[in-house]
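Engineer: This is the structure I want to talk about, given as structure tokens.
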Amino acid sequence: MLALRPADAEDAPAIAALHAASWRASYRGILPDDYLDQRAADERLALWRGRFEAASPPWVRLACWDGELVGFVCLLPEEAPELGVYLDNLHVLPGQQGRGIGRALMAAAAAEASRIAPGRPLYLWVYERNADACAAYGKLGGEVMERREVDTPAGTRAAALRYSWADPARLIAGKA
């Protein structure tokens, strides 16, 4: 059974491991293999430890299936408030997709976005070559608002798309 719960600093290693595993499965051909295989896990751990040590840690929800961590979502509401509430991460473990985990995490993030910033859109960036994620966000009613070349954590450049939901409440109600 799926359950969502808030994350805290003690969850940083598990979140980082899931984050890196998701990247290794989804970002082959987008980020260099040596980065994914050799550096991503340590860099993700440093990122998540730093985020949870910050004066204002981010809003993060974990998805657990029968007690096992299978996904997470993270909001950074003040990253670019002129664009809306930023959904910085949404990851589901490889092999766990198709069980409604991503949709549940998206609904939780949309509910929080609607609570903290009524009337502001929810948005995220996704690598254009991540076809599965682009298809999923499109199916959830996301609209591509912008395309740009971005610096990646690996030190390379890649095309990214900004998906936006003008009314995040539609994701909560399952109307997307």
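The values are calculated or read from the model by the stated rules, or taken from the named source; none is laboratory data. Just so we're clear, the structure is a prediction, and the values are computed from it rather than from any experiment. Here Cβ is always computed from backbone atoms with ideal geometry, including for glycine, and neighbour counts include all displayed protein chains. In case anyone asks, the SASA skips ligands and DNA or RNA and just uses the protein heavy atoms, side chains included. Shrake-Rupley method; radii C 1.70, N 1.55, O 1.52, S 1.80 Å.
Engineer: Residues 105, 161: which one is closer than 23 Å to residue 2 by Cβ, out of contact with any Ser or Thr (no Cβ under 7 Å at 6 or more places or on another chain) and of a type in the set (A, V, I, L, M)? Break it down stepwise before answering.
Structural biologist: Numbers: 161 fails: closer than 23 Å to residue 2 by Cβ.
Answer to the selection: 105.
Engineer: Within the bounds of the stretch 135-147, is there any residue that is open to solvent by less than 50 Å² (accessible area, probe 1.4 Å), in contact with an Asp or Glu (Cβ under 8 Å, 6 or more places away or on another chain) and modelled with pLDDT of 95 or more?
Structural biologist: no
Engineer: Suppose we keep only residues that are basic (Lys, Arg) and open to solvent by 50 Å² or more (accessible area, probe 1.4 Å) within the stretch 148-176. Which one would you say is modelled with the lowest pLDDT?
Structural biologist: 175
Engineer: Whether any residue in the stretch 152-159 is in a strand (DSSP E or B), farther than 22 Å from residue 41 by Cβ and among the aliphatic types (A, V, I, L, M) is what I want to check.
Structural biologist: Among the residues of the stretch 152-159, at least one is in a strand (DSSP E or B), farther than 22 Å from residue 41 by Cβ and among the aliphatic types (A, V, I, L, M), which makes the answer yes.
Engineer: Of everything in the stretch 125-134, what is open to solvent by 60 Å² or more (accessible area, probe 1.4 Å) and over 23 Å from residue 82 (Cβ atoms)? Give them in sequence order.
Structural biologist: 129, 131, 132
Engineer: Separate question: Condition first: over 30 Å from residue 159 (Cβ atoms), surrounded by 12 or more Cβ atoms within 10 Å (Cβ to Cβ), in contact (Cβ under 8 Å) with a residue 60 or more places away in the chain and not polar (S, T, N, Q). Can you find one or more residues in the stretch 51-58 that meet it?
Structural biologist: No, the stretch 51-58 contains no residue that is over 30 Å from residue 159 (Cβ atoms), surrounded by 12 or more Cβ atoms within 10 Å (Cβ to Cβ), in contact (Cβ under 8 Å) with a residue 60 or more places away in the chain and not polar (S, T, N, Q).
Engineer: Now a separate question. Show the residue pairs that are 6+ apart or on different chains and have beta-carbon atoms under 6 Å apart, the first residue being within the stretch 29-50 and within 22 Å of residue 11 (Cα to Cα) and in contact (Cβ under 8 Å) with a residue 24 or more places away in the chain, the second being small (Gly, Ala, Ser) and buried (at least 16 other Cβ atoms within 10 Å of the Cβ).
Structural biologist: That search, which allows pairs on different chains as well, returns 40/20; 41/20; 44/16; 44/20; 45/16; 48/12; 48/16; 49/12.
Engineer: Of all residues in the stretch 68-89, count the ones that are surrounded by fewer than 16 Cβ atoms within 10 Å (Cβ to Cβ) and closer than 12 Å to residue 14 by Cβ.
Structural biologist: Within the stretch 68-89, residues that are surrounded by fewer than 16 Cβ atoms within 10 Å (Cβ to Cβ) and closer than 12 Å to residue 14 by Cβ number 1.
Engineer: Going by the structure shown, is residue 109 at pLDDT 95 or above and crowded, with 19+ Cβ neighbours inside 10 Å?
Structural biologist: Criteria met by residue 109.
Engineer: May I pose another question? What is the residue count in the stretch 94-126 for residues that are in contact with a strand residue (DSSP E or B) (Cβ under 6 Å, 6 or more places away or on another chain), within 24 Å of residue 25 (Cβ to Cβ) and assigned to a loop (DSSP other than H, G, I, E, B)?
Structural biologist: Total satisfying the criteria: 1.
Engineer: Looking at (1) part of a strand (DSSP E or B); (2) under 21 Å from residue 172 (Cβ atoms); (3) open to solvent by less than 40 Å² (accessible area, probe 1.4 Å); (4) touching a residue at least 40 places away in the same chain (Cβ under 8 Å), which one does residue 61 not meet, given that it meets all the others?
Structural biologist: Looking at each condition in turn, residue 61 falls short on (3).
Engineer: Right, next: Considering only residues of the stretch 1-50 that are of a type in the set (Gly, Ala, Ser) and outside any helix (DSSP H, G or I), which is nearest to residue 155 (Cα to Cα)?
Structural biologist: 29
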